Every structure is written in structure tokens, then in C-alpha cells.
Amino acid sequence: MLSKRLIQMLAVLLAFALVAAACGDSSSDTTATTTGGGGTTTTTDGGTATTATTTPSTDPFKMGILLVGPEFDQGYSQAHFEGAEWAMDQIGGELISLDFINPADNPGLTPEAVAKDMIDQGAQMVVFNSDDMRDGAFAAAEQNPETPMVWVSGDSAWADGRAYRADLTNLSNVWGQMTFGKMIAGCAAGLTTQTGKLGYLGPLTNDETRRLVNSAYLGAQYCYENYRGLDASDLEFAVTYIGFWFEIPGVTLDATQVVNDLIDGGADVMLSGIDTTQALVRSGQRADGGEALWAVPYDFEDACQEAPSICLGVPYFNWGPAYVDLANSVIDGSFTATWEWLPPDWADINNVNTSTIGYIKGDGLSSENGAFLDQFIAGLGDGSINLYAGPLNWQDGSSFLGDGETATDIQIWYSEQCLEGIEGVCDLG
Amino acid sequence: MSLELLDIHKHFGPVRANDGITITVQEGSLHGLLGENGAGKSTLMKVLSGFHSADSGRIVLDGREIKLANPDDAIEAGIGMLHQDPLVFLPFSVIDNFVLGSPGSARLDRKKAARELSELCERYGFNISPDTPARLLTVGERQQLEIIRLLWLGARVLILDEPTTGISADQRAKLFETLKALATEGMSVIFVSHKLEEVADLCERVTVMTRGKVVGEAELPVPPEQLVEMMFGQSIEIHDRDSVPLGTSHLAFDSVRTATGLLSEEPISLDVQSGEVIGIAGMEGSGQDAFLRLCCGMRTPKEGTVSIGGKDMTGKHYRDYLAADVKYLPAGRLEEGLIEGLTITEHFVLTGEKQSFFVDWNAARERAVEQIEHYTIKGTEASTAESLSGGNQQRVLLAMLPPELTVLLMEHPTRGLDIESADWVWEQLLARRQQGTSILFASADLDELLRYSDRILVFFSGRVIGELDANNTNVEEIGMLIGGRRAPSSGSVSS
Amino acid sequence: MTSNRLLYALIPAGVVVVAAFGLLLAAGTNGFEPIKLIVEGSIGWPPFEEGTSSKVGDTVMVWVPIALASAGLIVTFNAGMWNIGIEGQIIMGAIFAAFVAREVSVSRPLLIALIILAGAVGGMLWGLLVGVLRTAGGVNEIFGGLGLDFVAASITTYLIIDPWSRTGVASTSGTDPFPDEALLPSLEGTRLSPLAIVITLVAIAGIWLLFRGTLYGLKLKAVGRNRPSSFLMGIPTNRYLLGAFVICGALAGIAGTSQAIGFHFRLIPAISGNYGFLAILVVLLARFRAFWVIPISFFFAMIAVGSSQLQLRLDVNSALGGVLQGTLVLSAMFGLGWAAHRFRKQAEAGAEST
């Protein structure tokens, strides 16, 4: 009995072995190609979008990037993908990318395994684009100590940070000061709201997301009071967290439903904190139905295009400059594990070459309010407006900043609670 | 339509199911095909109806050779087959079953079909309403439905494979009447059976098959002995049974009544002695099944007590009855008895006396071979249950019985079996009786009931309508009771 | 007979190869490259080359839960049950394992043993629940199982967001990693755990023996093939059905344990990796034979781990791996059905009946 079974098994294995053996010959001529839509291995040089079908004579710089979500999500992951593409464009490098690196979509795939594959393919620098890849980034950095790596949004290379890993000398952190972007977003919302109530669609609760919620709230209060002459304490601000950076059916809350609930609760401007565009899309659908609604998406500079008429603008990441700097530091050998929290270029926050954080105004923002917004941005830039100034209390009533006290980076980075006045549970833990 | 089967060969591996069969069926004739189980009758008919394709040989219909690749081809050519188990979809209504499989089914004119169904029913005296759910039909009515469906589809040759199994005597009479009427209309009828009397009753000509070959043909009537000789080489004698002295009470019902449905109206009281054989008669579904299930603990009475060997067993589980050596063999041998896909050896292991966690397969196989020989089962120790013919399945079931039995409950012990197997089954049962086992068996075969029972219980419409002493009754009396009429002596007539 | 059996195996294999190549050519690849990439991305090219140990480790540790779940499903399938609830049983195993891993601190060997035991118990209880719903409540095991899958997934999400959330973080991305002592001992620099391999192989051999050599297995098979007949033979059918769910649940629970302390090193919402559903396909392809589970589930593990290469190296979406997997399953089913059909015709020999 057993021998017959073995024969059957061997037959199948043999079949696969034949297939495998037949592939062996064609192994040497892997080519990299580009296409307009689904291309993932792209070679570009000198900024011209030519289709490269031959291997350049001198090896170009290769950067690998792991994206937590889909590479065309109109949000967080796409911003990284395009920033990385732009950066490689600038320096004549080549990009290796893989999206959907999360255990729900790819249960058998770990970030460290993907990083290893990318290194095997010649990647000289590997970027992990999500806070969620922390363990994978640590493991990869430990396993490949010679390869410079970047964990986006982390604090492992910040000597003052709480998760400082002095041993990981090849792992940098980079993040943008989106606190400013969110203040601007909040300001636009505060300027526009008719009902005096704003809704914030939150991702998961952690220091970073609370930091952004707080910033949006502070921006909204400031502009509501200073430009509209209304009482900031009358402005309502509700936040609901869905549980993850983007919606995973059956695991997170239904983002569209959350938007509905917030609107039904009286909010007429939706601020998005998640990586995808439900806040804008759902508000747009309901606005088409006759309701007076607006929204502010997040992350990606073209995010407004899904419902332009109600879009008040978008605070976005422009990762290109950061990636150019990082890649150049690898190329010239100056790479060290550093923690970078990059501010906007206040001279022109939408300068693609220099500003990591930008804000593009949307069609939904009136020109009058647009002028106020510019005033506000200028105030932030010249330091005349500092919203993280006391007195400010935490949501539980305890004091965050005393009267006259201004917050340090550490205090803002590690936002343990939402601020007093914000409705909603900001620490699900 | 005249039909010729010329030199049909059909082999399954080494088994020659049909080994050069030639048969001619005249137009408008009732042609019997007689043979014991495994003679190759069913294979031949499956070839004729397109379910199997022959290895070689020709089929000629009205002088024209036809090729049958599938059942559709056969019905197209006018050959309709009525299977042993009518192919009826129980969840559907009669009319849905009727139109199922009609050609060009893209557009179903159900109204027209229903009208035609009613006309056909009227013509042949069937009483089937188009909207009745098929599951409410008796086996006999399902046959009727299938027959008129085949006629409606244009069948001119009608094959019936053991059609009298599982239908009542009345329905059988009705069936024969219908077939005779069809023959006079020019329909050719092939009647496949192993029952001598039925073939003798119905047919004008008979072909006898044994082991894949035609061994004889005759114009009927001929003396039955001649047919038996063709089938078995010698005529079979019927032995008188020995009388067994009755002993202690093995099974007792004291005013037993179920909560709802069958057997809920009149309480039953009964005392079955050791060595006693109780025949259970009645139209199908009159309560026999419920009664037998009460006897073995598969149903629980609402009132009254059930005792086995003098011990009160009311409300006990089936397995407690099993432990008290009560065994129930329902009619469906493959549904409630054997297990498809398991071998004979595995069946013996499952029901064996010695049960150890690890199975010694070598010993089990040896034992199975012994049993196969002892019970003359046609099959090997590695044969699966479904590969055996009905008679051999029954042999395996009997071989699986425990050595000690207090009460044996059986439904249709010889249904579908040839005479030889049927006699063998009763030999076994009577041997059990000699050991003191009480036997209760349900049967639709009145001869069987009269021949083997000590007492006969007749069920009608969910109650026991009569209890007869088998030595002092006759077919007529039982027949009347089965039809719901009290015996004249009792003076009462029920509706 | 042997040549027949060989053919029986070669027909499906042939169909699979043809279908796979058809798909890969249609997807605009040259047909061979993707397969080579999947092999390379999962076990290295040439296979098991030096420096691929980390990949091989990942693939093996994906294989472990698929194979364990498949072994369990052989039991429920033989008992005639579609244990769709296997996903929930894997998840429950992971939850129980996570609880012990988080809360208990004893010596490492004892801790690992306790975690595995807890995982088995968790899966077992969840399986038993499906069985009880089925036998006592008359709830079809498919619906009961699906419902319990959902409940188990919701419990995981709740635990991760609320009581077991990371310090200061409430993210559905997962709990904090378990302490090192609670992780399956593995080879240096890889996830590969010899203990997990041994447990898996022992489980498969055990299932083989169960149906090959024990009365219990035979009775399970009898119950699965014909419950009324088995009941009449005196087999307590409900008890055997529950037994099947218990055995399957325990193995699924260990699969979940391996996911928790051998692969992800923490509890995440997608802890089952859908390997339970995948295992259903494995078992159908293996035609309920225990030893076939080993290569078939390894093949699935290779696709799960290796198909990212398609996107990394070729201009195709890694979803092609999933499509390829689906095509392989369907074509293998078709091939098996076709072969079975051919051989049934020949095997009708003894089936002559009146």
C-alpha cells in the first residue's frame, strides 16, 4: 500500500520537478520593464519617463520600499510610492516596491523576508513605510546590519525617544511634521463649518494619531475664533477611530458607516486621518444628495479629485525630498541612523523639491477663507502662531501645558491623550 | 416496434456481464426477461436504454440499426426505461417531475403538460394529481408517474426492471393491467424479473438468462417447473417448516401508543414468545415501520410499556435494546444496514464481537473470507457493500448478526431476491428460530407471510386491524384486511 | 493495478500543468519564469541553497499550520462533516496560546508545552461547540462553523484593541510581541522550528494510523458514510461526530499556536491566515489521504510565500499567485474527477446488480 502511495507522490513531484527544471535555462535574462499602470519595477534616468528595457552599463542606485497598503490607494501608500519614484527619478536610481505588506492581505509574508528579497535583488537601501512594520523593520535591520534602512514614522533612532535602539545603527527614522498640515486642515474646517461641528475619522489610536487629532482641533479652534470671531469653546469636534490605517472588512469598523454616523451627529466637515478616502467620498455622495457638507482628506496631494467641489484641501506628504537626501547619504557613505522630523518649507510649503509637508487648497474652500488660510500659514511659518501653548488640558482634565508654557518635540510626539474639548475615545487600550 | 438485440457483449474488467446475448422482441408483445441476481439482466437493459454502451453487438429497431450513446438517445429512439427505484425527485411536485427532462426544455408549457398528464392518467386509470408533492406518492404511484412520463416522451419500447418490488398487491395488479393495455396498443414491453409467477402471469414470451448468457426461451404458458429448471437447472422443493415449541416471553407490548401519527390511535398489546415468528402485513406506510421501531427502542411510546425478555425497557435507548439482543434490519439494505464504500471485511470488523482499539487486519480478512464462504456470498473480502447484488447484501447483513439474538426485526427479508437467495435467507432465519430467537418480519409477499409466520399482524391506516393465526387463514382474508376490511367473521367493516 | 494508479496520479498532474501554463502565458509571462520565481521566493533556487534558510524557514512555518489543519480536516471529512469552522478553531487556538504566552512565566520547556496544550484546548473547545450545535441543536455544521469563525475573529479584534492592546497604542495591527521564552525554539536567524515540524509530522502519521489501523477511525468513517446504518450497528454516532470535531479542533488549535508563537510572534487579527480554508482545498486535493497532505500543503505554502516575487521581479501583480493557486485547485479537481470517471467505468466490474 505504502509503496504505491509513494509512487503516486513521486509522480506528482516529478511533474513539478520537470516544470522547475525546464525553467532553469531562462533564469539569466530577467528584464525590468515599465508600464503606465501596473509597473512595479521601474528604471528611470534623468527625469525623462523613458521605458528602460536594457540594464544600464553602470549599476544604478537601487531603493526598496515596502508599502503597507495598495500602491494606488489615493492615500498614504501612494504618496510614498510616488515620492520614492520621484526621488529615484532625480538621482537616476531604480525602485523596487511591493505593496500590501500586512498580515491580513499577505499572511505568509513578513517584512524582513521581503526586505531580504529586495537586498538580494540589489537594493542598497530599504524603506518600511508603516509604523505597523516595527517588528519586521527591527528584525530586518538586525539580520542585515550592512544595509541602510529607514523605518518611516518610528522613534527607534531618536536618542531622546522612548523606543531608542542604539544597537540598530543601520536603521533611520523619518517623519514629516504633519502636525502643521493638520493645523491647516483644522483651520480650513473651522473657517467653513456652518453647524459648528467637525468630525474626524481616525485610524488607530496611538501617540501619532492623537497628535494629529489634537493639531487639527487646535487649528480649527484658532481660526474659528480669530477669523470668524466666534467663541472657540462653542466649536464641537468629534473623533471616531476605526482601528487601523485603512479599512479591513470584518476587522476594523466600517469607515463609510463611521462617516455617516458623524454626519448624522451634526458634523458638516469631515477630516480624514485614515489612509484611504472614505471621508471625502461619502461626504461627496451625501453632498450630491443636497446636504451642505465638506471634507478634508489626508496624505496624498491629488486626494481631492474624488470629490473636488466639497474638498477644502488636503494636507499631504511629499516624500521625494526626504528620499533623495536619504539615498544620497547612502551613495556618499554618510548614512547614519538618524531620527528626522521634517518641517514644511515655510517659504513655499508646496515646493516639490524642498517641502515634506504641503497643503493644497480645494475647490470647496471659499476665496475669502482661502485668504484667511494663507494668513494662518504665514503665522505658523514665522512663529507668530504657536498653538501648542498653555494653558491646555488633556481630555481627562489633567494639565498638559501650564499657562505660558509651550510644548517640546517630545511632549508633542508622545501625545498620551486627546485634548480637553474633543469628543470621542482616543485611547481604546 | 420490433426490437432485436444481436450478440451483445459487455464486460466489466474480468466479469462478462453480457456474453453474446441475442433476443428478439415482437411488436406489441409482453416479453419477460427472467434470471437470478447477477445473471446480467440489468446490464443488458442498461445497454438497451443507453446507460452503458456495449463492447460489441448491435441493436436493431424496426429493421434499422441504432446507436445509443446516452439515455437521451434511447428515449429519442423510443426506448424508455423504468428503473427499479423510479427516478423521481421527491422535493418536486408531480408536474415538475413530469416535465423534467422533456426535450427542448427552454420553454415549458406547464399548463399543456398538466393537461396531457391528466389525460394520460385518465386513459390508464391512474389517480395522480399534477400538483401533489412527489414525496407523498407511494412507490407504486411513482412508477405510474414514470410510465406515463415515458409514454409522453414517446416511448414505444418500455423496459421495466423488477417493477413489482416494493409495491402493494393492488398496485401490482393495476400495473399488469396497464402493461397489457399498452401491449394491445402496440407497445413492446420488456419485463425484467426474477419472479416466476409474475412472468408467467403477465408475459407472452420469456427469455431466461444465467451468468451473462441466454439459456432458454419459451412461449408462455409453460409449466413453472420448466422455467425453474432453465434458471437453476433443477426445480426447487418447498420444505414444510418444523414447528418449534414456544417458550418464554421475548417481546411484550402492554397498551403501547405513540404520541402522534401512526399508532397513536389504538394502543397495541402483544406478547411474542421465544421461537415465534410474527408476520407483519399491510399496505406500505400503514404503521409497520413505526411498530418495528417501537420494538427496538428507536421510537419511544407515549403510553404503555415495552418489555424484552420480561424486563421493562420502556424509554430505553436503542443501544440498550441492542445490548438485550434485539436487532433490527430495515428494508433499505444500503440505506439502513450496510455502509457504501466500506468493504465486507470492514463491516465484519465494525459489528464483530471482539473489538480492540487497533484492528488486526490480517485476522479480520481471514475471518471475512470464512464468513463469505460460510454464507456463500458472491464477492471478496475487499468488495464494497454497494458492489454486491441485493441478495448478497442481505447475506452480509445476516452474517453480521450477533450469534445470540432474542428478537430479530426485519423488513422485507426477501425483497428483490431470487428464489434461491430467498430460500437461503429463510433457512437462516428458521435456524435462528430453532435457537429460540423471536422473529418479527414485515413483508408485502402474502405467500411469504403465510408460509413462515405463526401469527400475522395486519396493519391498516396506522393501527393493527387484525391478528391472525397463520395456520387458520388464507390469502383472501389477509388481502381483505390489508385493504381495510375487517374479516367477515368479526362482522365489522371499517372504511 | 500499479500502472493504473500511476495514471490516476498523472492525469490530474497533467491537467494541472497544462492549466497553470495556460494561465501564466495568458498573464503575459513566458510560463516558466513565474514558477521558477515562486520556487526561488519560497525555498530558493536552486532549492535549499545556502543563504535561503530564512525563506525556507518562513515557508516551512506556513506549511505547518496548513498541514496541521488539513490533517484535522481529514478526520471531520471522514466523519461526513464540512468543518468550515476550522478558521475559528485556528483563531481560538492562537488566542488560548497567546493568553498563556502573555500571562504565564515558568521555565521555557514547560511554558512551550503549556502554550501548545492551551492552543490545542482552545481549538478543541471551539470545534466541540460546532459539534454540539450540530448534534444537540440541529444547526448545520457549515452555518454553525461560519458563525463561530466570525465570533472568533471578533474576539481576536476585541482582545487586540482593548485588553491586550500595545502600551499606549490601540491598533488592530496586533498585540505586543510575546516574550522570547514563549516563542517556539527555532534555528538561528530563521523561523524554522524543528519542534513544529515534528509535531506536524506526528499528527499526520497519527491521522494516517487512525484511519488505517484503528477501530475508532473505522467507526468514524462508518458514521461519515452512513449515519443510519452506523446507528443501527450500535455506534454512538453523535459521540463520534463530536470526537471528530474535537480531534480536528485540537489540531487546528495547534496550527493557530504555531501561527502565534512560531510565525507572527504576537496575536494579530488575521492570525489564521485563511489557512483553514486553504486546508479544505488541500484535503479535497489529497482526497482525504493523510500523506498526500504533506506535499500538497507544502506546495500551497510555497505559493503563499513565493508569489510576492511575481510582483518584485516580473511586471505582474502578486495577486497572480492567488489566481494561480485557484487555477491549480480547480484544474486538479477537474483532473481528479476526470480520472475518477475513467476508472469508475473500468471498476464497475463487480457492480452488476439486478
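Here is the figure for the range B:409-459: residues that are of a type outside the set (A, V, I, L, M, F, W, C), in contact (Cβ under 8 Å) with a residue 24 or more places away in the chain and either part of a helix (DSSP H, G or I) or within 14 Å of another protein chain (Cβ to nearest Cβ) (or both) total 16.
When B:151, B:117, B:160, B:175 are checked against the criterion of being part of a helix (DSSP H, G or I), under 23 Å from residue B:61 (Cα atoms) and either modelled with pLDDT of 80 or more or in the same structural domain as residue B:478 (by TED's automatic domain parsing) (or both), B:151 stands alone in meeting it. Tell me yes or no: at least one residue of the range C:73-88 is facing chain A (nearest Cβ under 9 Å), buried (at least 21 other Cβ atoms within 10 Å of the Cβ) and at pLDDT 75 or above. Looking through the range C:73-88, none of the residues is facing chain A (nearest Cβ under 9 Å), buried (at least 21 other Cβ atoms within 10 Å of the Cβ) and at pLDDT 75 or above.
Taking the criterion of being closer than 23 Å to residue A:368 by Cα and surrounded by 24 or more Cβ atoms within 10 Å (Cβ to Cβ), would at least one residue in the range A:273-292 satisfy it? There is at least one residue in the range A:273-292 that is closer than 23 Å to residue A:368 by Cα and surrounded by 24 or more Cβ atoms within 10 Å (Cβ to Cβ).
Go through the residues of the range C:57-65 one by one and say whether even a single one is closer than 22 Å to residue C:304 by Cβ, out of contact with any Lys or Arg (no Cβ under 7 Å at 6 or more places or on another chain) and more than 13 Å from chain A (Cβ to nearest Cβ).
At the first step, the residues of the range C:57-65 found to be closer than 22 Å to residue C:304 by Cβ are C:57-65.
From the residues that got through so far, the ones that are out of contact with any Lys or Arg (no Cβ under 7 Å at 6 or more places or on another chain) too are C:59-60, C:62-65.
Of the ones still in play, those that are also more than 13 Å from chain A (Cβ to nearest Cβ) are none.
No, the range C:57-65 contains no residue that is closer than 22 Å to residue C:304 by Cβ, out of contact with any Lys or Arg (no Cβ under 7 Å at 6 or more places or on another chain) and more than 13 Å from chain A (Cβ to nearest Cβ).
In a residue-by-residue description of the range B:83-95, the property of being within 14 Å of chain C (Cβ to nearest Cβ), within 30 Å of residue B:419 (Cα to Cα) and not in a loop (DSSP other than H, G, I, E, B) applies to no position.
Considering only residues in the range C:232-256 that are in a loop (DSSP other than H, G, I, E, B) and not small (Gly, Ala, Ser), the one that is surrounded by the fewest Cβ atoms within 10 Å (Cβ to Cβ) turns out to be C:236.
Residues are listed down the side, and each one gets a yes or a no for (1) under 30 Å from residue A:141 (Cα atoms); (2) part of a strand (DSSP E or B); (3) more than 14 Å from chain C (Cβ to nearest Cβ):
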site: A:183; (1), (2), (3): no, no, yes
site: A:187; (1), (2), (3): no, no, yes
site: A:201; (1), (2), (3): no, yes, yes
site: A:208; (1), (2), (3): yes, no, no
site: A:228; (1), (2), (3): no, no, yes
site: A:238; (1), (2), (3): no, yes, yes
site: A:246; (1), (2), (3): yes, no, no
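Considered as a group, the residues in the range A:67-103 that are within 28 Å of residue C:267 (Cβ to Cβ) and outside any loop (DSSP other than H, G, I, E, B) include one that is modelled with the lowest pLDDT, and that residue is A:76. The set of residues in the range B:305-326 being more than 14 Å from every other protein chain (Cβ to nearest Cβ) and in contact with a Cys (Cβ under 8 Å, 6 or more places away or on another chain) consists of B:306 alone. Select, from B:351, B:406, B:380, the only residue that is touching an Asp or Glu at 6+ places or on another chain (Cβ under 7 Å) and hydroxyl-bearing (Ser, Thr, Tyr). So the residue among B:351, B:406, B:380 that is touching an Asp or Glu at 6+ places or on another chain (Cβ under 7 Å) and hydroxyl-bearing (Ser, Thr, Tyr) is B:406.
Scanning the range A:218-237 for residues that are over 18 Å from residue A:297 (Cβ atoms) and hydrophobic (A, V, I, L, M, F, W, C) returns A:218, A:223, A:230, A:232, A:235.
Of these, A:228, A:162, A:210, which one is of a type in the set (D, E, K, R) and crowded, with 24+ Cβ neighbours inside 10 Å?
Working: A:228 fails: crowded, with 24+ Cβ neighbours inside 10 Å; A:162 fails: crowded, with 24+ Cβ neighbours inside 10 Å.
Testing whether each residue is of a type in the set (D, E, K, R) and crowded, with 24+ Cβ neighbours inside 10 Å leaves just A:210.
Filtering the range B:252-269 to residues that are in contact with a strand residue (DSSP E or B) (Cβ under 6 Å, 6 or more places away or on another chain), crowded, with 18+ Cβ neighbours inside 10 Å and assigned to a loop (DSSP other than H, G, I, E, B) leaves only B:267. Candidates in the range B:281-295 are the residues that are in a loop (DSSP other than H, G, I, E, B) and out of contact with any Leu (no Cβ under 6 Å at 6 or more places or on another chain); of these, the one that is surrounded by the most Cβ atoms within 10 Å (Cβ to Cβ) is B:286. Condition check for residue A:323 on (1) in a loop (DSSP other than H, G, I, E, B); (2) modelled with pLDDT of 95 or more: one failure, at (1).
With respect to the conditions (1) surrounded by 22 or more Cβ atoms within 10 Å (Cβ to Cβ); (2) assigned by TED's automatic domain parsing to the domain that holds residue B:273, residue B:390 lacks only one, and its number is (2).
Does residue B:24 satisfy the condition of being among the polar types (S, T, N, Q), buried (at least 17 other Cβ atoms within 10 Å of the Cβ), out of contact with any helix residue (DSSP H, G or I) (no Cβ under 8 Å at 6 or more places or on another chain) and assigned by TED's automatic domain parsing to the domain that holds residue B:220? No, not satisfied.
The values are calculated or read from the model by the stated rules, or taken from the named source; none is laboratory data. If you're wondering where the values come from, they're calculated on a predicted model, not measured in any experiment. Using ideal geometry, Cβ is built from the backbone for each residue, glycine included, and neighbour counts are taken over all protein chains shown.
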